[in-house]
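Chemist: My structure is below; once you've seen it, I'll send some questions.
The values are calculated or read from the model by the stated rules, or taken from the named source; none is laboratory data. It should be emphasised that the depicted structure is a prediction, and the values quoted were computed from it without experimental measurement. FYI the Cβ positions are ideal-geometry reconstructions off the backbone, even for glycines, and counts take in every protein chain you see. Note: areas computed on protein heavy atoms with side chains; ligands, DNA, RNA excluded. Shrake-Rupley method; radii C 1.70, N 1.55, O 1.52, S 1.80 Å.
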Amino acid sequence: MAIVKDDVQVLRIYEHANSSLVLVLLGRRLGQMRVLAKGARRWLRRGFEGGFDLLARGELLAYARRNEQLWIFKEWDENLRPRGMGRSLEALRTGSFLCELAEALTRESAGAEPVPEDGGHLALFELLAQCAADLDRGTPEGPLVLHFTLRALADAGLLPDLQACSTCGTPLLERGRALAARLSYRGLECQECLASEALEALPASAPPPQSVRQLARSNDAEVDGRPSNSGGRALVWLSPDALGALAFVQRTGKGVRLSRRAADAAARALRVLVHGALERDLHTLPGALQAVRAMGR
């Protein structure tokens, strides 16, 4: 077995047998790896007297094995152990969400060889390290969750364009102009495109709608954050404030003050984006949504 070395961050920890651990790690160069650390739960064993924590960062030496077999732990030189998750339940939930999302986005390439020429998951590694440092400094959890999710999905090619309608390409965020739009698994769609689609589906005997807005929302599962009678589809209407906040947080990582309604829409948008990208749920997603909703005044 070849010995590999890489800077890694801890994403998940499983107990194994009586004294061992299985570590899910994100490497700067090697991407996701799963490593069996024999005897790691023995407190006095040299090399990891302090155990392992989520988002801990260090240099790993391991024996690499093919065919999705667990790699074998050899040495660990810890460089940094974030303490921010211990300050509150909200911070713990946020850190756990960052780890679970990073694990989900890199699972398909776990243990892949040879290493990609582009450096594997370098961008995600650096983003996770930066967000872990921000969490350690006490950065509010809501903007941190949004920034990491939007950036990570964008780097993976799984984020729809938040600047323009996915159907007609109309810019939704321009200086001096902002439009409401609907976010679904198909991406962002402006009211005009949705109205045209709904108009084509109306029977000839149907009474004309009172407005483009009413026509666009006639078949929605959620209207202004409230369920309607046609449920089934995962979608959310984003006001100009909510849409602008998502774009701003993605670009800068800074927080923004929102109304309760806009913060709730941003949380619903996060759920739609994560489900659309992964096609499954995350155990830590409810805590992340709660952090985003807390951004509301």
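Chemist: Straight-line reach from K5: which lysines have Cα under 30 Å away, leaving out those fewer than 8 places along the same chain?
Modeler: Result set, ordered by chain and number: K38, K74.
Chemist: Along Cα→Cβ, 7 Å out, is where each label goes; now give me the distance between the ones at R251 and R42 in nm to one decimal.
Modeler: Placing both labels 7 Å beyond Cα along the Cβ direction yields 5.6 nm.
Chemist: Leaving out ligands, DNA and RNA, what percent of the accessible area of segment 8-88 is carbon and sulfur, probe 1.4 Å?
Modeler: Values: 1890 of 4300 Å².
C and S fraction of accessible area: 44 percent.
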